[in-house]
Amino acid sequence: MRNLKILLKNGLVYNGTNEPPEKNDVLIDNDKIVSIGENLNIDADTVIDCTGLMVTPGFIDAHSHNDFFVKNTEALLPFLRQGITTQIAGNCGFSAYGVNPLSPYKHLIGGGLFFYDNPSSLKDYMEEVKDNLAVNIVPLVGHGSIRLSSAGMKKGKLTDKELEEMLTLLEENLSNGAFGGSLGLMYEPGIHAPFDELVKFAEVIRKYDGILTVHPRACSKVALGYSLFGKPHIERALDEVIKITEMTGVRTEYSHLIFVGSSSWKCVNPMLKRFKEVQEEGFDLHYDMYPFTYGASTIAVILPDWYLKLTEEKRKSSFNKFKLKLIINVTKKLLGIDFSDMVISYIEGYPEYEGKNVAEIAQKENLSAFDMYIKLVELSEGKGRIMLGKYYNEDIIKILMNDGSSVYMTDAWYEKSGVQNSGTYQAFPLFLENTKQHNISLENTIHKMTGKTADRFRISKRGYIKEGYYADITVFDYEMIKVDQNEINTPPGIKYVLVNGKVIIKDNEYTGINNGLVITKN
């Protein structure tokens, strides 16, 4: 069967570098870009008129969890409709692969946040999703997944045998093409791992010239597990990431740099200064970010560990309720957040609460905000989902977008029920809209969405519009990009999305073609 040629005519081509665009045609033959130039006179099978449109490399999502959702094309389409063609997956210590298929702990993979019906090795995973994948996936190996596979939900130090099995799994999956690994230091089981285990994990990644992504131990001024005295906890968490980087020399990506609660916002400049100091010392430490002032979390996010371990009967005691109320009030004050910043996304069986914040629900039900919060925790058995506000403010987003160390991501996934995360539908269009509002050059934003991210993760022959590169391409009308954050939907403006040379999205509609790959490291 002969190759099919697609010709993109008369578009303003942003090639993925920080250079200004040029008006050019782009010829695609099968899955590659074969020619770029003015007025290409080629007999193509399909000609797409791109007059007045921006032609860019397909957007690369630097932080995703869609390795757990790849079998559900419906879950991936909102990302494609944003112009995203490739997603870095296996973040925050969780990956749907990197697992011994004979492990008795396979049911624990995902840490209660995600679920995959058949976790196994990366090699088996690639075979399983082959020919039915809508986007490209760049795999990282989750420390939490391989630790769960080897030792279950064990706390503290692993035995020599368990540690050896875990690191052997890591090496096996890196050998099979994973680009690196991830730590989730705020989640079980990563939160329980001794520091020397984290260093050994990073050393193996460094051995394979991979990248380490880290969900830090704290993203706010105050967090569980630290004393209340001394440096803000978010800065201490960065120090831990820096220490791992400096001890091992591994390339490190600090995951989703956020500053939860207004009291954390004064940490922005000190932390950006630390990133630059470490870079000047010769270490490769950068970060990714998203464009919203809020993010997805669990309803139990501010509950202390001691309370969660209590029986239902003990939780009802007057003393424990008083103690909890005191701690939560102090925590809210120290963080700079309130119950009005907690919007319910989903509580099974209670759709009437979805889209409303805890304070609003409390007022309607004539309860105090604290009592309403505890009621919602109990109704959901601590598993309710919320959107938590005050992750940033708009000034901080502008600062981070202008900072040379940032690349862009969604950190979102499609929910089967409840209120969707806006990042699933709007993250990259919002970056484009912010580009206009903050007077950032469009070529700089495109570079961070494409070539810079490809370089950061060393994804070969992607992220740029160059001859010989894979034809992952997004075509959009910049003037039409408008995001209404009061509505959770796909904004207008993305016209065409091509993955490996096939048109997957046309005028915001899915063509029915799946042409994505699990990309492996060369």
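According to the square roots a ≥ b ≥ c of the eigenvalues of the Cα gyration tensor, what is the shape class of the range 250-293, taking rounded for a/c under 1.5, prolate for a/b larger than b/c otherwise, and oblate for the remainder? It comes out oblate by the Cα gyration axes. Model label points for residue 266 and residue 508, set 7 angstrom from Cα along the Cα-to-Cβ axis, are 4.5 nm apart. Taking Cα centre as origin and charging only the Cβ of basic (Lys, Arg, +1) and acidic (Asp, Glu, -1) residues, the dipole magnitude of the range 343-408 rounds to 80 debye.
If you roll a 1.4 angstrom probe over the protein chains with everything in place, what fraction of the accessible area of the range 110-184 belongs to carbon and sulfur, to the nearest %?
The C+S portion of the solvent-accessible surface of the range 110-184 is 47 percent.
A full extension of the chain between residue 107 and residue 157 corresponds to an added length of 15.8 nm, given 0.36 nm per residue minus the alpha carbon distance.
Basic side chains Lys and Arg get +1 at the Cβ, acidic Asp and Glu get -1 at the Cβ, and with that the dipole of the chain about its Cα centre reaches some 1340 debye.
Counting only protein chain heavy atoms and rolling a 1.4 Å probe, the accessible areas of 478, 408, 510 rank, largest first, as 510, 478, 408. Normalised per residue, the accessible area of the range 268-314 is 48 Å², obtained with a 1.4 Å probe and no contribution from ligands, DNA or RNA. Note on residue 81: accessible area approximately 50 square angstrom, rounded to 10, probe 1.4 Å, nucleic acids and ligands left out. Would you work out if the range 1-67 is rounded, prolate or oblate? Take a ≥ b ≥ c from the square roots of the eigenvalues of the alpha-carbon gyration tensor; rounded if a/c is under 1.5, else prolate when a/b is larger than b/c, oblate otherwise. In terms of gyration-tensor shape, oblate.
The residues of the range 437-522 expose, per residue, 42 Å² of accessible area to a 1.4 Å probe.
Model label sites at residue 40 and residue 364, defined 7 Å from Cα along the beta-carbon direction, differ in position by 5.5 nm.
Centroid-to-centroid, using Cα positions, the range 47-68 and the range 385-434 are 17 Å apart. When you filter the GluC sites (Glu not before Pro) in the range 247-288 for DSSP loop state and at most 12 other Cβ atoms inside 10 Å of their Cβ, you are left with 281.
Counting only protein chain heavy atoms and rolling a 1.4 Å probe, the accessible areas of 69, 179 rank, largest first, as 69, 179. When 409, 153 are compared by accessible area of protein heavy atoms, the largest-first order is 153, 409, using a 1.4 Å probe. Among the listed pairs 161/200; 123/155; 231/323; 157/383; 5/448; 221/390, those whose Cα-Cα separation exceeds 23 Å are 123/155; 231/323; 157/383; 5/448. Between the amide H of residue 407 and those of 287, 288, 289, distances stay under 5 Å, these residues lying 5 or more places away or on another chain, with hydrogens modeled in the peptide plane. Cα centroids of the range 154-226 and the range 444-501: how far apart, whole angstrom? Their Cα centres are 31 Å away from one another. Annotation: for a label point projected 7 angstrom from Cα along Cα→Cβ of residue 310, residues of the range 321-354 with backbone N closer than 14 Å are 321-329. Which percent of the accessible heavy-atom area of the range 381-465 goes to carbon and sulfur, probe 1.4 angstrom? Summing carbon and sulfur atoms, their accessible area is 44 percent of the total for the range 381-465.
The relative contact order of the range 66-151, computed from alpha carbon pairs under 8 Å that lie at least 6 residues apart in sequence, is 44 percent. The apolar share of the surface of the range 215-333, taken as the fraction of accessible area on carbon and sulfur atoms (1.4 Å probe, ligands and nucleic acids excluded), comes to 58 percent.
Short-range pairs are left out: with C-alpha atoms under 8 Å and at least six residues apart, the relative contact order of the range 147-229 is 33 percent. Classification of the range 429-522 by its C-alpha gyration tensor yields an oblate form. The axis ratio a/c (a ≥ b ≥ c) is 1.5 or more, and b/c is at least a/b. The Kirkwood radius of the range 1-114, taken over pairs of alpha-carbon atoms, gives through the Stokes-Einstein law at 20 °C and 1.002 mPa s a diffusion coefficient of 125 µm² s⁻¹.
Model label sites at residue 239 and residue 520, defined 7 Å from Cα along the beta-carbon direction, differ in position by 4.3 nm.
Here the relative contact order of the chain, from alpha carbon pairs under 8 Å that lie six or more residues apart, stands at 21 percent.
Overall, the range 42-102 carries a charge dipole of about 300 debye about its Cα centre when +1 sits on the Cβ of Lys and Arg and -1 on the Cβ of Asp and Glu, all other atoms neutral. Comparing 512, 108, 180 along the charge dipole axis of the chain, the residue lying farthest to the positive side is 108, per the Cβ-charge model.
The values are calculated or read from the model by the stated rules, or taken from the named source; none is laboratory data. Since the structure is predicted, the reported quantities are computational estimates derived from the model, not experimental observations. Every residue, glycine as well, gets a Cβ built from its backbone with ideal geometry; the counts of neighbours run over all protein chains shown. Each accessible area value is taken on the protein alone, full model and side chains, heavy atoms only, with ligands, DNA and RNA left out. Shrake-Rupley method; radii C 1.70, N 1.55, O 1.52, S 1.80 Å.
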